[in-house]
Amino acid sequence: MIWVVLMMAILLPQSLAHPGFFTSIGQMTDLIHNEKDLVTSLKDYIKAEEDKLEQIKKWAEKLDRLTSTATKDPEGFVGHPVNAFKLMKRLNTEWSELENLILKDMSDGFISNLTIQRQYFPNDEDQVGAAKALFRLQDTYNLDTNTISKGNLPGVQHKSFLTAEDCFELGKVAYTEADYYHTELWMEQALTQLEEGELSTVDKVSVLDYLSYAVYQQGDLDKALLLTKKLLELDPEHQRANGNLVYFEYIMSKEKDANKSASGDQSDQKTAPKKKGIAVDYLPERQKYEMLCRGEGIKMTPRRQKRLFCRYHDGNRNPKFILAPAKQEDEWDKPRIIRFHDIISDAEIEIVKDLAKPRLRRATISNPVTGALETVHYRISKSAWLSGYEDPVVSRINMRIQDLTGLDVSTAEELQVANYGVGGQYEPHFDFARKDEPDAFRELGTGNRIATWLFYMSDVSAGGATVFPEVGASVWPKKGTAVFWYNLFASGEGDYSTRHAACPVLVGNKWVSNKWLHERGQEFRRPCTLSELE
């Protein structure tokens, strides 16, 4: 027992070394193998218990036959000296052996394995993070709770469904976060599945208790009152529901009185002039972003589309690409976004992923005020940085970027490899530092981020687009391709139309790698212009 406690004390700190499983699908796959190992260990334990019970059963059957015979003529039975000896032996020795067998703990091996594996288990943060990811996917892709619960998502290979208990737990997560909108949606889904006859450890009373309060918090008193009455039909003695019923009725009566008073006052007042509001067709960035993630609201007119071309690109007569030029496609005109096809091989992708996996850590952003690196809720992924000297493949990839862009990569940042998690995303942001962030890249001493090169290292079954809300552009992941754009005009001024985002991954596993190229070293490769916005 002491050994187990010591083992737990040693392993618990290590469990904190790999936080945020939900932020990387690639690392979550390790959990599948860990769980498989536990299942194997559990089956071994069950087999050991079955063998133990089989031994006890055989012993009981043997003694049942023996005692049945002996009780018919006890004196005659023990009158036989051999029977008398065996009776003494059984009661003195064999029953003690049986007692030891029954008391023997067959779970030691399983418990030891469970203790070792527990260091790799997700924690509460992971469970809450995965739940919030479902809410995010629900909102971004306009999915109703029934669609998610039934597992009817596009591109799924392994269909799964949510039980009423699962829906209830999602509602509780939302409730804990004071997210009453999603609390209502998921508690209603749990209630629907219970009313359809699903067997569950969750009861309707518990669901209605959360649901009625969530509805009340959103201002729908009529519905909250109706749900509370429904709860009391199931449990008339429910203390909180009885209290809420009185309170809701009191609030409603006060509102009715206030409305009567207000209607009388309004009849004596002149109609106030309407204030000028925002344009009818104005959409906040969040709404634009979500629409583009769904493939809606793309602002590419047929006339502009005609000016987008595909071509072979030899990197300005670069010897490496004269005989085998790169395939280039215009994705957008302003800002100019170019996609390179078949620009990284599957073998190179696997090497880059293998190098990155052991180092993946929760992706961070630079705090614009303090400059410190910190994790944020709007960037759900894990990343690692690879240097060119670590592997010939990384060095070769860096040189390929230089040859095709004509920009010097010696002042660029290391190759960043990212793997997105459940509903993984990176909400709208700029890659370059704005004027109010003068110290963003001061430590590097290489100036601002002049351009971005982004490799797509996996196909994504659904979601995961790179979108540019300012201009209405969507670029979809395609394995083996890369996209490139300039973040700065040739004058050095930031191009604010390059504000972009990584949409939540709905289904699949998204791997990307990117190279941020900096201003230093580009003075003669991309000379400044006299115009500020060119």
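The values are calculated or read from the model by the stated rules, or taken from the named source; none is laboratory data. All of these numbers come straight from a predicted model, not from anything done at the bench. For neighbour counting, all protein chains shown are included, and Cβ atoms are generated from backbone atoms with ideal geometry for every residue, glycine included. The protein model used for the area step is the full one, side chains on, heavy atoms only, and it has no ligands, DNA or RNA in it. Shrake-Rupley method; radii C 1.70, N 1.55, O 1.52, S 1.80 Å.
Things to note:
- Within segment 466-502, the set of residues being assigned to a helix (DSSP H, G or I) and crowded, with 17+ Cβ neighbours inside 10 Å comprises T498 only.
- Residue match in segment 384-395 (condition: of a type in the set (F, W, Y) and farther than 19 Å from K479 by Cα): yes
- Scanning segment 479-511 for residues that are over 30 Å from K357 (Cβ atoms), touching a strand residue (DSSP E or B) at 6+ places or on another chain (Cβ under 8 Å) and among the charged types (D, E, K, R) yields D495, R499.
Residue by residue, here is whether (1) open to solvent by less than 50 Å² (accessible area, probe 1.4 Å); (2) in a loop (DSSP other than H, G, I, E, B); (3) in contact (Cβ under 8 Å) with a residue 40 or more places away in the chain holds:
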position	(1), (2), (3)
V352	yes, no, yes
K357	no, no, yes
Y389	no, no, no
V393	yes, no, yes
I397	yes, no, yes
L404	yes, no, yes
V409	yes, yes, yes
V417	yes, no, yes
G424	yes, yes, yes
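- Subset of segment 451-465 (residues that are open to solvent by 10 Å² or more (accessible area, probe 1.4 Å) and closer than 21 Å to L407 by Cβ): L454
- Within segment 295-326, the only residue that satisfies the criterion of being open to solvent by 80 Å² or more (accessible area, probe 1.4 Å) and of a type in the set (S, T, Y) is Y312.
- Boolean, E165 is assigned to a helix (DSSP H, G or I), within 17 Å of the chain's Cα centre (by Cα) and more than 30 Å from E296 (Cβ to Cβ): no
- Qualifying positions in segment 177-208 - over 23 Å from A133 (Cβ atoms), in a helix (DSSP H, G or I) and among the acidic types (D, E): E195
- Of everything in segment 360-373 that is closer than 14 Å to T23 by Cβ and either open to solvent by 50 Å² or more (accessible area, probe 1.4 Å) or not assigned by the TED database to the domain that holds A433 (or both), the residue that is nearest to the chain's Cα centre (by Cα) is R362.
- Tally of residues being without any contact (Cβ under 8 Å) to a residue 40 or more places away in the chain, open to solvent by 90 Å² or more (accessible area, probe 1.4 Å) and more than 30 Å from E177 (Cβ to Cβ) across segment 91-144: 8
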